[in-house]
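What follows is calculated from the coordinates using simple rules that are stated; it is not laboratory data. Keep in mind it's a predicted model, so treat the numbers as computed, not measured. Neighbour counts run over all protein chains shown; Cβ positions are idealised from the backbone, glycine included.
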Amino acid sequence: MLTLFVSLQVRPDQIDRFLVAIEANAAASLRDEPGCVRFDVHRVADDPCRFLLYEIYRDEKAFYQDHRATPHYAAWREVAAECIEEGGHVNTFAVPVFPQTLPEMQEARS
């Protein structure tokens, strides 16, 4: 498993465009990428221009090769280049401490 936390500071005049693009990217990632387990988009409560993404991929290949090779990711990168403030994009990569529990826990709850 590979977890990605993304912090994005969006230009105030680009919020609507950003939301359309990130929703399309998240939906396509979940729909079209078997290696994308989760893709959540959050807006920071006290900063309406800051967004946090929480993404989980089955492994590094699912993110670095599969996700980044998709047309929806390329489209997202083009919009992000215009919507995100300079220096306003931070990726933090992590691995679950208990990776064996995530899929089993989700299946057990179903």
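Tabulated data
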{"item": "Those residues of region 54-74 which are among the small types (G, A, S) and either within 9 Å of G35 (Cα to Cα) or surrounded by 12 or more Cβ atoms within 10 Å (Cβ to Cβ) (or both), in sequence order", "result": "A62"}
{"item": "Residues of region 35-53 that turn out to be more than 19 Å from R11 (Cβ to Cβ) and either part of a strand (DSSP E or B) or without any contact (Cβ under 8 Å) to a residue 12 or more places away in the chain (or both), as a count", "result": "6"}
{"item": "Hits in region 1-34 (condition: assigned to a helix (DSSP H, G or I), surrounded by 16 or more Cβ atoms within 10 Å (Cβ to Cβ) and not β-branched (V, I, T))", "result": "Q14, F18, A21, N25, A26, A28, S29"}
{"item": "Some residue of region 75-86 being assigned to a strand (DSSP E or B), surrounded by 12 or more Cβ atoms within 10 Å (Cβ to Cβ) and of a type in the set (A, V, I, L, M)", "result": "yes"}
